[in-house]
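What follows is calculated from the coordinates using simple rules that are stated; it is not laboratory data. In this text the structure is predicted, and so the values were computed from the model without any measurement. Positions of Cβ are backbone-derived with ideal geometry, glycine not excepted, and every protein chain shown enters the neighbour counts.
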Ligand SMILES: Cc1ncc(COP(=O)(O)O)c(C=O)c1O
C-alpha cells in the first residue's frame with residue numbers, strides 16, 4: 001500500500017530529538033526553530049516527559065471514558081492553576097481541529113444558532129465546521145459548507161457589530177495571535193471591544209489558542225494580554241509536546257449534560273500523562289517566563305537586521321516579514337545551515353516557533369546564522 005500523497009516532503013529524516021535540536025539518519029544536527037508546526041513546547045525528548053509517558057504506558061495506556069480516570073482530574077487542576085483559568089471546565093479531545101469542532105458545537109447547542117463570524121487569514125483546522133470558518137477555499141470541500149461562515153477584516157469592529165445586530169450569529173472565533181495567517185497580533189482594545197460586543201448581543205466568544213497558547217506568547221494564553229474572559233478557549237499543539245491531545249476550556253455559562261460531547265480516545269491515560277508532564281516541566285522550568293524573556297531578547301536582535309522588513313510577535317511566536325517570498329531562504333537555512341523555520345500563508349513571512357526552553361545562547365546562534373545567510377544572498 002502507498003501513502004496517500006498529500007504532503008510535499010523535505011528530503012530529511014529526523015530520527016532523534018533533544019531539547020531544541022533534532023538529528024537525522026546521517027547524524028546531522030538541526031536547530032529546531034519551528035517545533036514541527038508549533039508543537040514542541042518543552043523541548044524534544046525531555047527526560048521528565050519520557051519518564052512519565054514510559055511509566056504510564058507500562059501501567060495502563062488506555063481505557064475508555066466510561067470509568068474513573070484521576071489523571072484527567074489532575075490535568076484539569078494543573079491546567080487551571082498554571083493558566084489562571086481555574087473557573088473553567090475542561091473537555092479533552094485529540095487535536096486542534098477537534099477542539100474547535102467541539103467548541104463550535106457547544107456554542108450552537110447553547111444559542112440554537114448556526115452563523116459563525118471568523119477573521120480573514122484565520123486558520124482553525126481541516127475538519128467539517130473548523131474548515132468552513134478557515135480562510136482557505138482550497139481546503140474546503142462542498143460538504144463542509146453546511147452553515148453560514150462570515151470572514152471579517154482583522155480588527156474591523158464596525159462590520160462585526162453590523163452583523164451581530166442581525167441577531168442570527170452563534171459565535172465569534174478568533175486566534176489569540178494569528179499563526180498561519182503570518183503572526184498577526186490583535187490589539188488588546190480590539191479584543192476587549194469584541195468581547196464586549198459578544199456579551200451585548202449574547203454571542204459566544206471562542207478564543208482559538210491552539211497555536212498561541214501554552215506559554216507560546218510569553219503569557220499562558222495570548223488573549224491574556226487583553227482584559228477579557230472568553231466563553232470558550234481551544235487548545236492543542238504545545239499541550240502534548242507531540243503527543244496528540246487537545247481540549248476546550250468551558251466557562252460556567254455552559255451546562256454539562258451526559259452525552260453532549262464525547263470521544264473514544266480523548267483524555268486517555270497516556271495522553272493525560274503526556275499533558276501532565278508538559279505542565280510539570282513548564283512550571284518547574286518557568287517556561288512561560290522564559291518564552292517572554294528569550295522572545296524579547298530574540299526580537300530585539302532580529303530588529304537590528306536591515307534585510308528584514310518587519311519583526312512582529314510575542315514571546316516565542318515570531319513573524320519575520322521580508323520584501324520577497326522566503327521559500328528559497330528557508331531552503332538555504334534548512335539544507336545549508338541545518339536550521340528549521342516555518343512558513344505562513346503570506347509567502348513573504350517566516351514563522352519562528354522554537355521550543356519554549358531555548359536560551360539566549362540559542363537565540364544568538366539563530367540570529368548569527370540568519371544574518372550570515374542574508375548577507376551572503378546580498379553578495380550573490
Ligand atoms: C490556530 C489553529 N487552530 C487550529 C489548528 C488545527 O489544529 P490540528 O492540526 O491539530 O487539527 C491549527 C493548526 O495549525 C492552528 O494553528
Exercise. How many percent of DSSP beta bridges within the chain run antiparallel, rounded to 5?
Worked result: 60 percent
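For the stretch 177-318, what is the percent of antiparallel DSSP beta bridges, rounded to the nearest 5? Intermediate results must be reported in sequence, preceding the final value.
Details: 7 of 10 bridges.
Percent antiparallel among DSSP bridges in the stretch 177-318 is about 70.
Just want the ordering: 127, 264, from fewest to most Cβ atoms lying within 10 Å of their own Cβ. Could you put the intermediate results ahead of the total?
Values: 127 16, 264 9.
Going from least to most buried by this count: 264, 127.
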Seminar exercise, completed: Dividing the alpha-carbon radius of gyration of the chain by 2.2 N^0.38 Å, where N counts its residues, gives 0.98
Problem set entry | Peptide ranges 111-118, 248-255 listed from the most packed, as the mean C-beta count within 10 angstrom indicates | 111-118, 248-255
Seminar exercise, completed: Checked the stretch 1-143 against the a/c 1.5 cut and the a/b vs b/c comparison, axes a ≥ b ≥ c from its Cα gyration tensor; verdict oblate
Problem set entry | Inter-centroid distance (Cα atoms) of the stretch 141-215 relative to the stretch 44-69, Å | 36 Å
Exercise. Can you give the helix-only mean residue ellipticity at 222 nm for the chain, where every DSSP H stretch with n ≥ 4 adds -39500 (n - 2.57) and the sum goes over all residues, rounded to the nearest 500 deg cm²/dmol?
Worked result: -11000 deg cm²/dmol
Problem set entry | Gaussian network model of the chain, Cα within-10 Å springs - most flexible of 260, 194, 333 | 260
For this session: Take peptides 351-359, 364-372, 21-29 and line them up by average Cβ neighbours within 10 Å, highest first, as a rough protection proxy.
Result: 351-359, 364-372, 21-29
Exercise. In what sequence do 316, 205, 90 fall when counting other Cβ within 10 Å, fewest first?
Worked result: 90, 205, 316
For this session: Highest first, please rank the peptides 277-287, 137-147, 94-104 by the mean number of other Cβ atoms sitting within 10 Å of their residues.
Result: 94-104, 277-287, 137-147
For this session: Return a whole-number percent for the relative contact order of the stretch 160-306, with Cα pairs under 8 Å and 6 or more residues apart as the contact set.
Result: 20 percent
Exercise. For the stretch 245-279 and the stretch 75-136, what is the separation of their C-alpha centers, rounded to whole Å?
Worked result: 12 Å
Exercise. From the square roots a ≥ b ≥ c of the eigenvalues of the alpha-carbon gyration tensor of the stretch 150-308, which class results: rounded (a/c under 1.5), prolate (a/b over b/c), or oblate?
Worked result: oblate
